[in-house]
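Values in this text are rule-based calculations from the coordinates and carry no lab data. Values in this document were obtained by computation on a predicted structure and should not be read as measured data. Note: ideal-geometry Cβ built from the backbone for every residue, glycine included; neighbour counts use all protein chains shown.
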Amino acid sequence: MLLKSRKESENLLLYRSLFLRMSLCEKDVSHYQRLEKGYAGELLFDQYVSSLTNEFLLLNDVLLDFGNNLFQMDSLAIFQESVLLFEIKNFEGDFYVKGDRWYTLSDKEIKNPLEQLQRSESLLRRFLQEHGCMLPIEPFLVFVNPEFTLYQAPMKTPIIYPTQIQRLLRTLANKPTKTTHLHEKMANKLLTHHLSTSPIIRKPDYSYEILQKGIYCSHCYTFFKEATETRLVCSCGTTESIDDAIVRSVYEFMLLFPDRLVTTNVIYEWCGGVVKSKKTVRRVLSSHFALKGHSRKAHFVLKS
Ligand SMILES: [Zn+2]
């Protein structure tokens, strides 16, 4: 049973928005591309797991803070006799291991993903113990990209290579899944402690003035140029209702500019002219957000 689904992190949404609306420096572009790639890898893993029909409890993308240690887990699967912790990587190309260090074939050192997994495992174990759960944890580092190769890797590691994913799925399909209210209680503990917003560590410099205004297509990421009375139409064939597109733009605006007030005029300008009528913007804001303040100080906030 899927108890928590995955969605794009605020970090990814912010970088994606900036990437589309301004020119980022090379370092920020590669950071953004890593975020997109990582997310695509997680979605690919979700696709594999969704083929399983047995009834375990599945939580994706859980962020916890245990004793001031923030840790994020890509997927957690709670079975009858153990909790499976998955760290998912979408690395592409050739890598090698030397001692505890990982390198690309061009000798650039990368963060050791096994250490990351061990850290999460240790923090998760302490979290579960504190909440009275004694189930053992089985950690897995899953590489989903078929073009990934790792040289000189030690044999006894929790690594799952792309060629081993089908076997992993067969193992999961045969695991005992008789979960009880104790398993559900543990899942609930994880859900209630999950942090829905993660601190964005590093933000590129940007300002409202330099960002391109408009609404981009959520399929091909080009800016909409055409609109009918009720829909935005992209050249890629995607259409989106004006209401959905405006709401999406407001969320994006709030993420980029948490200190700015959301008003009809501001959002009308933010949409870059593709929404022709201010009345439409006002109607959508009024129905999807809460009005706060009076007359000239009136602005919209998230509904509580
Ligand atoms: Zn499009």
Gln118 versus Gln72: modelled label distance in nm, points set 7 Å from Cα along the beta carbon direction = 2.2 nm
Where does the charge balance sit around Thr238 when Lys and Arg score +1, Asp and Glu -1, over other residues with C-beta under 13 Å from its C-beta?
-> 0
With -39,500 (n - 2.57) per DSSP H segment of 4 or more residues and division by the full residue count of the chain, the 222 nm estimate, nearest 500 deg cm²/dmol, is -11500 deg cm²/dmol
Based on the Cβ-Cβ distance of Arg170 and Thr230, what FRET efficiency does E = 1/(1 + (r/R0)^6) give at R0 = 35 Å, to the nearest 0.05?
-> 0.15
Can you pull the three principal axis extents for the Cα set of segment 102-164, in Å, largest first?
-> 46, 25, 19
So which residue, out of Met155, Met73, Met134, gets the largest mean-square fluctuation from a GNM of the chain using Cα contacts under 10 Å as springs?
-> Met155
Distance-filtered residues of segment 235-256 - backbone nitrogen under 14 Å, label point 7 angstrom along Ser218 Cα→Cβ | 238-253
Taking the chain as a Gaussian network, where each spring joins two C-alpha atoms under 10 Å apart, which residue of Asp61, Asp100, Asp244 fluctuates the most?
-> Asp100
FRET E, pair Met254, Lys108, Förster distance 45 Å, beta-carbon r, rounded to 0.05 = 0.75
Estimated inter-spin distance, Ala290 and Ser196, nm [label 7 Å along Cα→Cβ] | 1.3 nm
Given H placed 1.01 Å from N in the peptide plane, which residues other than close sequence neighbours of Glu138 have an amide H under 5 Å from its amide H?
-> Val83, Leu84, Leu85
By how many nm would the segment from Thr238 to Leu261 grow when fully extended, if each residue of separation counts as 0.36 nm and the alpha-carbon distance is taken off?
-> 5.2 nm
How would you classify segment 63-173 from its alpha-carbon gyration tensor, with a ≥ b ≥ c the square roots of the eigenvalues: rounded for a/c under 1.5, else prolate if a/b is greater than b/c, otherwise oblate?
-> oblate
One checks the Cα atoms of the chain and finds Rg and Dmax, in Å, of 22.4, 68
Estimated distance in nm for a label pair at Thr53 and Lys297, the labels positioned 7 Å out from Cα along Cα-to-Cβ | 6.1 nm
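So if we plug the beta-carbon distance of Glu269 and Glu26 into 1/(1 + (r/R0)^6) with R0 = 22 Å, what FRET efficiency do we get, rounded to 0.05?
For Glu269 and Glu26, the calculated efficiency is 0.15.
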When the charge dipole of segment 2-193 is computed with +1 on Lys and Arg Cβ and -1 on Asp and Glu Cβ about the Cα centre, the Cα farthest towards its positive end, among Thr157, Phe45, Leu182, belongs to Leu182
For Met22, Met186, order by how many other beta-carbon atoms lie within 10 Å, fewest first | Met22, Met186
Can you give the % of DSSP beta bridges in the chain that are antiparallel, to the nearest 5?
-> 65 percent
Segment 226-301: C-alpha pair distances exceeding 20 Å, % = 28 percent
Order of Asp205, Asp243 from fewest to most other C-beta atoms within 10 Å?
-> Asp205, Asp243
Segment 1-132: radius of gyration over Cα atoms, expressed as a fraction of 2.2 N^0.38 Å | 1.19
Would you mind telling me which residue in Leu52, Leu76, Leu14 has the biggest mean-square fluctuation in a Gaussian network model of the chain, where springs connect alpha carbons within a distance under 10 angstrom?
-> Leu52
Using the 10 angstrom Cβ neighbour count as an exposure proxy, how do Tyr268, Tyr161 rank, fewest first?
-> Tyr161, Tyr268
